[in-house]
Every structure is written in structure tokens, then in C-alpha cells.
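Okay, structure first, notes after.
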């Protein structure tokens, strides 16, 4: 695990953007393409805005990049709450990324069928090879969830590398998420976390006693992948005392 702590949010986002283009440029140079898992929610939106800016957009051949969603709300792509819709608006459209390079979830199916179909599409994309993403971007909720791995949900015990449907009773909402074993098989995992409200979760996930059911992001501890944490000082407040 590698910690990158910055004084400001902008510095943390810029450092992750730099890492994003450097790492993926190297992968494309070596393999001819790369496979990236994107995070939804509010935190990565500023990262996507930066990547589409004049300072970054020409540093990668976006036509050789394939994008997947780490999780999705069970809503239409056009819904304001859709992670895929946010990624389309703030990353794909500004960069003119080919539609076939972005793997959105089909929420017109039942939650279970949508999860099953997405799992199959991912496996087909890797064409018989092991499913191993070059980079997985993740965020962290105030309650220590990441992707849609929420406290107290059955998916936390999932051992299969796949997409799972998760029903959140408190939100009365289905979500679709990559399981921890699938995420942990990536080449590189990068968390972007900022703000004082995340500091308690960061402390528990990184330095607290293991309690997966309460702090699901503790599941992201792969055997071989490199895990980077890009934090601002506010989010790392309690780490200084650990």
C-alpha cells in the first residue's frame, strides 16, 4: 500500500491524474490497449474534468482504452443518479471515446440478470484470459463502503469474481457492484478520498482492527496488486495520530 497525502483536494486530484496517464500510457505502449474500472459518485467528477482538460486529454490514446463501472445504481443511464450517465457526460463525451469502448450496465433487465449479463460481457472482453484490470479507481463513503460494498450486506462474503446485485434496504434501492475478489485481482487499485467527513472511515479502513461487516473497504487488500491512496490532509487527519 502506498499513501499519497496532499495539503489540498486539488493537489490530490492532480497527482492521481498524473499517475492515471503515466500508468495507462505505459500499459498501452506494452499491450496495445488497457482496461480501466471507473468510480461513480461525486468525488471522481473533478478527476474526470481534469482528465478532459487541455493539460491531459492529449496524453493518452483514448481509443485504445476500455472502461468498466465498478458499481452502478439500478436506474436508467439517463437518470441523474446513474454512475454511467455521469461518466458519459463528464468523461466519455468530452473525449469522444467510442461508445463501444465503454461498458455500461443494462438496467432494463432485472437486477440479477443485469449483474449476470455484465459478468459475461467482462469475461467475453478478456476472451478467455484471466480478468485482470489494469487500473481500478475507487472512492470511500463516510460509512467505509467502496463501490457498492456496503456495511452489513451479503455481497461482503462473496468469493466469486463477478458482478453482484445488492439491495440496500435503507435506500430501498438495488445496486450492482464488482465483488471484492474481482477488484482485488487488478494490476493497480487507486482510492481517491478527500474531506474531513471521510477521516474516520479512512482511519478504520487503514489502521483499525478488522471488521469487514462494518468497514467493507477493508476487503480491498489484494495479494499482488499495488494499492494507492490519494488523500487530502483533511481525510488523513486521524492517520497522523495512528
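The values are calculated or read from the model by the stated rules, or taken from the named source; none is laboratory data. Being a predicted model, the structure only gives us computed values, none of them experimental. Glycine gets a Cβ as well: all are built from the backbone with ideal geometry, and neighbour counts include every protein chain shown.
Scan (1) closer than 13 Å to residue 194 by Cβ; (2) assigned to a loop (DSSP other than H, G, I, E, B); (3) touching a strand residue (DSSP E or B) at 6+ places or on another chain (Cβ under 7 Å) for the single condition residue 4 breaks and write down its number.
It is condition (2) that residue 4 fails.
Cβ-Cβ below 8 Å, separation at least six or inter-chain, first residue in segment 109-123 and surrounded by 14 or more Cβ atoms within 10 Å (Cβ to Cβ), second at pLDDT 95 or above and assigned to a helix (DSSP H, G or I): which pairs?
Pairs that qualify, where the first residue is surrounded by 14 or more Cβ atoms within 10 Å (Cβ to Cβ) and the partner is at pLDDT 95 or above and assigned to a helix (DSSP H, G or I), are 109/117.
Check 127, 113, 58 and return the single one that is more than 29 Å from residue 198 (Cβ to Cβ) and outside any loop (DSSP other than H, G, I, E, B).
Criteria check complete, one pass: 113.
Report yes if residue 144 is assigned to a loop (DSSP other than H, G, I, E, B) and within 20 Å of residue 24 (Cβ to Cβ), otherwise no.
On the way: assigned to a loop (DSSP other than H, G, I, E, B): yes; within 20 Å of residue 24 (Cβ to Cβ): no.
It is false that residue 144 is assigned to a loop (DSSP other than H, G, I, E, B) and within 20 Å of residue 24 (Cβ to Cβ).
Go through segment 72-94 and give me each residue that's in contact (Cβ under 8 Å) with a residue 24 or more places away in the chain and under 21 Å from residue 13 (Cα atoms).
Correct list: 83, 84, 86, 87, 90, 91, 92, 94.
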